[in-house]
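The values are calculated or read from the model by the stated rules, or taken from the named source; none is laboratory data. This structure is a prediction, so every number in the text was calculated from the model and none was measured. Cβ: placed from backbone, ideal geometry, glycine included. Neighbour counts: every protein chain shown.
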Amino acid sequence: MAGALAAGRIATFFRHPLALCAVAAVGTAVAMLAAPLLGRAFTGQTLTYAGFAFGRDLMLALMLGGAMMLVAPTERASLNAMLNAVYQLGGAFGGMASAWLFAMSPGYGANAAVAAALLLATGLMLHRIAGRAAKR
């Protein structure tokens, strides 16, 4: 929730909201990779999860707002519906994938590696989209 509330203020430092979204994806990937290294350190795990939650909420708010800038006003309702559906499906598939990864490799290492790789790929795609949008 804090990430969504801060999104507008932080986004003013970037040329396009999706550029900040790309930065948030990379930052969240770093937080994911740090989690297994912290072991059972309560404070470290709590801060890592807070960083993940902040990045996730920030990305959702920026994704919705940034994507709306890329389509005609008459198409925004459809895009909003699709983005919300994809977000929910992503959460469901992510939960299933993480359960499978945990069953295959007890511990959090495989989950962190896959999540970080997907977040890095997301950051790269968003960086490219933001760059193209900024050139228009």
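For this structure, a couple of remarks:
- Hits in the range 78-127 (condition: of a type in the set (S, T, Y) and either loosely packed, with under 10 Cβ neighbours inside 10 Å or in a helix (DSSP H, G or I) (or both)): S78, Y87, S98, T122
- Of the residues in the range 34-47, at least one is closer than 22 Å to L126 by Cβ and among the hydrophobic types (A, V, I, L, M, F, W, C).
- Verdict on M32 being more than 17 Å from G109 (Cα to Cα) and assigned to a helix (DSSP H, G or I): no
- Members of the range 51-77 found to be in a helix (DSSP H, G or I), loosely packed, with under 15 Cβ neighbours inside 10 Å and either in contact with a helix residue (DSSP H, G or I) (Cβ under 7 Å, 6 or more places away or on another chain) or among the hydrophobic types (A, V, I, L, M, F, W, C) (or both), listed by number: A77
- Residues that are surrounded by 21 or more Cβ atoms within 10 Å (Cβ to Cβ) and modelled with pLDDT of 90 or more within the range 29-44 comprise just one, A29.
- M68 being at pLDDT below 90 and among the aliphatic types (A, V, I, L, M): yes
Conditions (1) within 14 Å of the chain's Cα centre (by Cα); (2) charged (D, E, K, R); (3) within 15 Å of A130 (Cβ to Cβ), marked per residue:
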position: A7; (1), (2), (3): yes, no, yes
position: T12; (1), (2), (3): no, no, yes
position: F42; (1), (2), (3): no, no, no
position: L60; (1), (2), (3): yes, no, no
position: L64; (1), (2), (3): yes, no, yes
